[in-house]
Amino acid sequence: MNGCTANAALEGFTRQMKRLPVALRRSMTYGRSSEMACHLELSHRLKIDIWFCDPHAPWQRGSYENTNGLLRQFFPKGTDLSDLSQTALNDVARLMNNRPRKTLGWNKPVEAMAEELAAIKSTVNFKLESKLSRLRNL
């Protein structure tokens, strides 16, 4: 993401979220920060609902708070991420995604995502096979 402006967040979220299958892009919950000022446009672009946590309610963003805590192990508060290379950021993302999480039954996020993608693929394949079968029977 280039900068921490609302437009930079809009472009960054749009680019990254479009990489996900539509079935995984149903909604997004975010804190109340200024970089989400373009949330209506993001909602329109991705065709998702965007929800905001209530102020002073950290329990509404548990995964967010937990992830920030884990990221602080790599990047102390105040670190200027623009000084880091994309390779370095990708390395941290890889480490984070291969770390078991209690909320996932001690599975790794990369494993949980693979399971979700496999379930979507099998559902899509089943629907496609059903449609093809009906077409053959016409």
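Just so it is clear, none of the values below were taken in a lab; they were calculated from the coordinates. Keep in mind the model is a prediction, meaning the values are calculated, not measured. Methodologically, a virtual Cβ is constructed for each residue, glycine included, from the backbone with ideal geometry; neighbour enumeration extends over all protein chains shown.
Data table
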{"read-out": "About the Cα centre, charge dipole magnitude for the range 1-71 (Lys/Arg +1, Asp/Glu -1 at Cβ), debye", "value": "340"}
{"read-out": "Estimated [θ] at 222 nm from DSSP helical runs (n ≥ 4, -39500 (n - 2.57)) normalised by residues in the chain, nearest 500", "value": "-16500 deg cm²/dmol"}
{"read-out": "Positive minus negative residues near D54 (Lys, Arg vs Asp, Glu; Cβ under 12 Å)", "value": "+2"}
{"read-out": "Between 0 and 90°, nearest 10: helix 6-17 axis offset from the chain longest Cα axis", "value": "40"}
{"read-out": "The chain - charge dipole about Cα centre, Lys and Arg +1 at Cβ, Asp and Glu -1, debye rounded to 20", "value": "660"}
{"read-out": "Nearest-ten-degree value, helix 86-97 long axis tilted from longest Cα axis of the chain", "value": "70"}
{"read-out": "Order of R19, R25, R99 - criterion: other Cβ atoms within 10 Å of each residue's Cβ, fewest first", "value": "R19, R99, R25"}
{"read-out": "Formal net charge of residues neighbouring M96 (Cβ-Cβ distance under 14 Å; K, R +1; D, E -1)", "value": "+3"}
{"read-out": "Candidate values [x] 114, 27, 23; [y] 64, 35, 32; [z] 42, 27, 23, label of the one derived for Cα extents along the principal axes in Å", "value": "[y]"}
{"read-out": "Degrees between helix 62-71 axis and first principal axis of the chain (Cα, 0 to 90, nearest 10)", "value": "60"}
